[in-house]
Amino acid sequence: MRRLAVLAVACTLLAAACSSSSHSSTATSTTAASGNGASGTGVPSGHVLLVGTYKGHAGQYTTIQAAVDAATSGDWILIAPGDYHEQYDHTVPVGQEASGEPTALGGVYITTPNLHLRGMDRNTVVVDGTKPGSSQCSSATGDQDLGPLDASGKPAGRNGIEVWKADGSSIENLTACNFLTGTDGGGNEIWWNGGDGSGVVGMGAYNGAYLSTTSTYVSSTTNGSYGIFVSNSRGPGLIVHTYASNMSDSAYYIGACADCNAVLNDAHAQYSALGYSGTNSGGHLIIENSEFDQNKTGFSTNSQNNDDAPSPQDGACPNNGIGPTGTHSCWVFENNYVHDNNNPNVPSVGAAELGWPGGGMIIAGGRNDTVINNRFANNGSWAVALVPYPDIATPPAVAHCVGGDTNGVPSLGLKGCYYGDWGNEVAHNTFTGNGSFGNPTNGDLADLSDPHDPANCWHDNTDPAGVTSAPANLQQTNGTCGVAGAGAKLDISSPTTLTSQLLCASELLAPCPPKPGMSYPRLTQLVLPALTAQPTMPNPCAGVPANPWCTTKGPVSSTVWIPGLLGLAATPPAARRVRRRVRRRH
């Protein structure tokens, strides 16, 4: 894992400020205007650059990067079906990119603000990280392109579509695959990068929709790391109608943002070490209407003393504001389906390896998060676990253990930065079939936390077979929010304690091969299932200025709910009425 009053704000999916810059005579253009990609008369604005050939009409460009290089702020780039082996990163010597840091670049690299990149078909417009001439998303070893060579002659790695500190960009209706890691990082299929590793938020608004990401290749030295990755952004951001699989860290990531001001909606994460990870991501962040299954761990958010500074992960509303549930929590996980995350046969590297098999949802060292109205089913260890995060790694210069304890965990002999978990609310969720691994403490709910005011609270959760928890009877002992309390204490005196079971499941300190009473499935053979077709954008011409590919007028934009600038994840009023039933006292 690397990296307010209730108000609904309706914004277009493609929020952007358009430019009046001119293009060559080959570019299709309209009158430029300011604001949301449309003129004051409601007419779409900006130039339209066409890549490839669509329905017999050839565009001006044969590569996506050529169109990106020609575009200016507010322009649209439409991409015809095809397998695009983009090569921008091979044209720039490693260490001379815009960031000034030796880091892998994107095959497509965007630095122009308010640029709209859209495929004409989600499943057949493919940005492919394999070598030019290879079959689409090939799994053959010889077809993999591991990036330009670094100073020592080793492949630096590659990212797919990377947006570098460019506000207002949108990426829609396409697939990205097989961008793999190397000596300088990489492995991010689609990445909105606001300054990764800097400890500074350097990017604003972004939107992604109808996206699929995957990798068909993994080896002992390289892998796909993140599917859809957002770092160091203040938002507002929306990721909607997306799918990601086969990632060694996580299918989805939103991190390094103390107030993320973002929504992840209708996401589907499979076959990854973590379905979602979010390090030091807090404030206004909504994850809703999504599915996490067939991963090693379904969902994880954590505090960490790493390059996703500043820590911690804290879902409290800035300035003691009021969030969408009527509490002081603006981080909300709701209406999601988290099930069957028992898969050890996935790629897994780095801190993501600490996510245990059978974990539905983990909040590790996180505070003030709200988990409501979700379904958790058939997760073999713990469906929801609130635990501390002991970061025993050597921190980079940008990290200072903010919000953590520099004494580590003396009782376990652990040095480093220790993040406790507190103030989280888990309520009105349904559970069934969890804890099937059958080890002591496995079940629906788990709370390992030190005494704190406020403590974590658990209430109104149901299971047809009866809610199981560790410690026992959590909903009775810790059912009131906003008051002092504690979960299970750190205790390794017996293999049956929650601490001992968590240490075994995560293998934090040492390998823990299966044995009676401590049996968690381990990797036997990596399996990378093939990507299946996903729903494509109903009308890829919607909101696009007139051009040879879009001759029928459609709606100027698709209106969706995204977080308002006042910080609340805006939600239709009916949904807000349901939320107000769950309140926390402070």
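The values are calculated or read from the model by the stated rules, or taken from the named source; none is laboratory data. No experiment lies behind these values; they were computed from the predicted model shown. Quick reminder, even Gly has a Cβ in these numbers, built from the backbone with ideal geometry, and neighbours come from all protein chains shown.
With the checklist (1) hydroxyl-bearing (Ser, Thr, Tyr); (2) in contact with a Leu (Cβ under 8 Å, 6 or more places away or on another chain); (3) exposed (fewer than 15 other Cβ atoms within 10 Å of the Cβ) in hand, flag the one item SER506 doesn't pass.
Here SER506 meets the rest and fails (3).
Return the pairs, sorted by first residue and then second, in which the second residue is among the acidic types (Asp, Glu) and part of a strand (DSSP E or B), the first residue lies in region 425-444 and is modelled with pLDDT of 95 or more, the beta carbons are less than 7 Å apart, and the residues are 6+ apart or on different chains.
Between residues of region 425-444 that are modelled with pLDDT of 95 or more and residues that are among the acidic types (Asp, Glu) and part of a strand (DSSP E or B), the close pairs are PHE431/ASP444; ASN434/ASP444; GLY435/ASP444.
It is to be established whether one or more residues within region 237-253 are over 29 Å from HIS400 (Cα atoms), at pLDDT 95 or above and surrounded by fewer than 24 Cβ atoms within 10 Å (Cβ to Cβ).
yes
Yes or no: region 260-282 includes at least one residue that is outside any strand (DSSP E or B), buried (at least 24 other Cβ atoms within 10 Å of the Cβ), in contact with a helix residue (DSSP H, G or I) (Cβ under 7 Å, 6 or more places away or on another chain) and not aromatic (Phe, Trp, Tyr).
Yes: region 260-282 contains one or more residues that are outside any strand (DSSP E or B), buried (at least 24 other Cβ atoms within 10 Å of the Cβ), in contact with a helix residue (DSSP H, G or I) (Cβ under 7 Å, 6 or more places away or on another chain) and not aromatic (Phe, Trp, Tyr).
Quick one: in region 52-88, which of the residues that are under 18 Å from SER169 (Cβ atoms) and acidic (Asp, Glu) is surrounded by the most Cβ atoms within 10 Å (Cβ to Cβ)?
ASP75
Do any strands (runs of 3 or more DSSP E) entirely within region 162-216 hold 3 or more residues that are of a type in the set (S, T, N, Q) and more than 14 Å from PRO236 (Cα to Cα), and if so, which?
206-214
Conditions tested, residue by residue: (1) more than 27 Å from VAL371 (Cβ to Cβ); (2) under 25 Å from the mean Cα position of the chain (by Cα); (3) modelled with pLDDT under 95; (4) surrounded by 13 or more Cβ atoms within 10 Å (Cβ to Cβ).
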{"site": "TYR520", "(1), (2), (3), (4)": "no, no, no, yes"}
{"site": "THR536", "(1), (2), (3), (4)": "yes, yes, no, yes"}
{"site": "THR571", "(1), (2), (3), (4)": "no, yes, yes, yes"}
{"site": "ARG579", "(1), (2), (3), (4)": "no, yes, yes, yes"}
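Considering ASN373, ASN336, which residue is within 17 Å of PHE292 (Cβ to Cβ) and touching a helix residue (DSSP H, G or I) at 6+ places or on another chain (Cβ under 9 Å)?
Only one candidate passes the filter, namely ASN373.
Any residue in region 496-512 that is at negative phi sitting within a Cβ distance under 8 Å of a residue that is surrounded by fewer than 20 Cβ atoms within 10 Å (Cβ to Cβ) and among the basic types (Lys, Arg)? List the pairs, counting only those 6 or more apart or interchain.
Cβ pairs passing all conditions: THR499/LYS489.
Would region 283-306 turn up any residue that is in a loop (DSSP other than H, G, I, E, B) and more than 28 Å from PRO344 (Cα to Cα)?
Yes - at least one qualifying residue is present in region 283-306.
Do we have THR175 as modelled with pLDDT of 95 or more, in contact with a helix residue (DSSP H, G or I) (Cβ under 7 Å, 6 or more places away or on another chain), under 21 Å from ALA251 (Cα atoms) and not basic (Lys, Arg) here?
Against the criterion (modelled with pLDDT of 95 or more, in contact with a helix residue (DSSP H, G or I) (Cβ under 7 Å, 6 or more places away or on another chain), under 21 Å from ALA251 (Cα atoms) and not basic (Lys, Arg)), THR175 does not qualify.
Each row is one residue, and each column tells you yes or no for (1) β-branched (Val, Ile, Thr); (2) out of contact with any strand residue (DSSP E or B) (no Cβ under 6 Å at 6 or more places or on another chain); (3) not in a loop (DSSP other than H, G, I, E, B).
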position: ALA446; (1), (2), (3): no, no, yes
position: ALA455; (1), (2), (3): no, no, no
position: VAL467; (1), (2), (3): yes, no, no
position: GLY479; (1), (2), (3): no, no, no
position: ASP491; (1), (2), (3): no, yes, no
position: THR496; (1), (2), (3): yes, yes, no
position: LEU503; (1), (2), (3): no, yes, yes
position: LEU509; (1), (2), (3): no, yes, no
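What residue, among those in region 311-353 that are under 30 Å from PRO511 (Cβ atoms) and aliphatic (A, V, I, L, M), is surrounded by the most Cβ atoms within 10 Å (Cβ to Cβ)?
Among them, the one singled out is VAL338.
Need pairs with beta-carbon distance below 9 Å; first residue over 22 Å from THR91 (Cα atoms) and within region 56-79, second charged (D, E, K, R); sequence gap 6+ or separate chains.
Filtered contacts from region 56-79: TRP76/ARG118; LEU78/ARG118.
Give the residues of region 402-433 that are buried (at least 22 other Cβ atoms within 10 Å of the Cβ) and farther than 23 Å from GLY485 by Cβ, sorted by residue number.
CYS417
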